[in-house]
Amino acid sequence: MSTKQIDSLVVDAMLNQQTDNVFFKDRESRFVRVSRGLVQHFGVQSAEELLGKTDFDFFADEHAREAYEDEQHVIATGQPMPPKIEREVWPNRADNWVSTTKLPWRDESGEIVGIFGISRDITREHLLKLELERKTELLENSNRELEQFAFIASHDLQEPIRMIAGFVQLIERRYNDVLDERGREYIRFVVEGSSRMQALINGLLQYSRVKTKTSDLEPIDCSLVLADVVRNLQVLIKETDAQMDIENDLPVVLGVRSQISQVFQNLLNNAIKFRRKDVPPLITVSVKHEGDHSIVCVADNGIGIAPKYQNRIFGMFQRLHTREQYAGNGIGLAMTKRIMIHHGGNISLESEVDEGARFYLKFPRTEANDESYT
């Protein structure tokens, strides 16, 4: 028996054991050798039922034509076909998807005598991918509709709220002498309620406008942004004797400056607002680098947050205290989280009651920060 005959027997033995869809075809794209897996895939009893036949004998014309053209291109150019997702269309059974690779098949002299290839059924994975894409598209459409609704509803509510507050204040000025103390108190309630509603509407408008596009992103030096925020809060800082301890080497991140500024302003304002009685606020801002992210920590020595409430506080209109205790509309941290997510990052919290809070802002690394990772 010649070496060539032995090699052929070895190949046949391997194909008989191979559960993957392996095949060899001649220059006319006719099956010459096939694996046991391909026999099962085609639903025939033996390899002999495939030999000498082409894809046109099994598949619908559209898929068979595409496969034939791919194979003839490999034969003509000698270039392999990289992995390709194909939809196999059968005339008498449900379609399926495979990932197929095809390469030139050469003889001992190097001449191309056909192609050989391997395909793997990926129907389940592909259908899951399509379903995920469909649900993602639905979710994105739903988010866009919700954002549009929030913007329109909030915008349209502005005018009637302003009108209510304006007319009530007008009544107070013109009829103050006629009203008794209870009447004046009722008017104050309406004015205060209108002001709170106005603040909620403005917060909702800001929340709905939080978006980031690649074209909007620019390198933002967090140290410079934080310096501006501290200047904006200078009056509040002096009134409360707050102490600021800020690292000099905060990261440069890709983002929208106004939104990054909003993040730091919300956190610093909260750190001062939720201070312990008779204890001046102490706020520290530090950074550490982990893998592909920079993590900025904003820590305070305030009243803290019980662990059971720590997920809740990032929701819209979530408040842990009455307005008489602490002013606010319950939007700030929800907006902060939304901004961080839109910047490819996130925010997390560690805290205990009366032991302060530590908010961690996780930003993706930028090229501008590469020196920090060396």
*Treat each spin label as a single point 7 Å out from the Cα along the C-beta direction, and report the Glu108 to Glu172 distance in nm.*
10.4 nm
*Based on Cα positions only, what radius of gyration and what Dmax would you give for segment 88-130, in angstroms?*
15.2, 45
*FRET efficiency for Asp249 and His342, Cβ-Cβ distance as r, R0 = 25 Å, nearest 0.05?*
0.50
*From the phi of every residue in segment 129-141, what ³J(HN,Hα) in whole Hz does the Karplus formula 6.51 cos²θ - 1.76 cosθ + 1.60 yield, where θ is phi - 60° and glycine or proline is x?*
5, 4, 5, 5, 4, 5, 5, 4, 5, 4, 5, 4, 5
*asked:* Taking each pair of distinct Cα atoms in segment 16-91 once, what is the resulting Kirkwood hydrodynamic radius in Å?
replied: 13.0 Å
*When you count, for each residue, the other Cβ atoms within 10 Å and take the mean per peptide, how do 52-64, 25-37 rank with the highest first?*
25-37, 52-64
*asked:* Explain nothing, just compute: Karplus ³J(HN,Hα) = 6.51 cos²θ - 1.76 cosθ + 1.60, θ = phi - 60°, for every residue of segment 70-83 in order, whole Hz, x for Gly and Pro.
replied: 4, 5, 5, 5, 4, 5, 6, 9, x, 9, x, 8, x, x
*asked:* Under the rule of at least 5 residues apart or a separate chain, name every residue whose amide H is placed under 5 Å from the amide H of His293.
replied: Arg365
_Amide hydrogen neighbours beyond the local backbone of Trp97, cut-off 5 Å, H modeled_ = Glu88, Ile122, Thr123
*asked:* Residue by residue through segment 173-185, what is 3J(HN,Hα) from phi via Karplus (6.51 cos²θ - 1.76 cosθ + 1.60, θ = phi - 60°)? Round to whole Hz and write x for glycine and proline.
replied: 5, 7, 10, 4, 6, 7, 6, 8, 4, 5, x, 5, 5
*Hey, rough spin-label estimate for Leu128 and Gln310, points 7 angstrom out along Cα→Cβ, what's it come to in nanometres?*
3.2 nm
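Every number here is computed from the coordinates shown, using simple stated rules; none is lab data. Bear in mind that the values here come from a model prediction, so they are computed numbers and not experimental data. Heads up, the Cβs are rebuilt from the backbone with ideal geometry, glycines too, and the neighbour counts pull from every protein chain shown.
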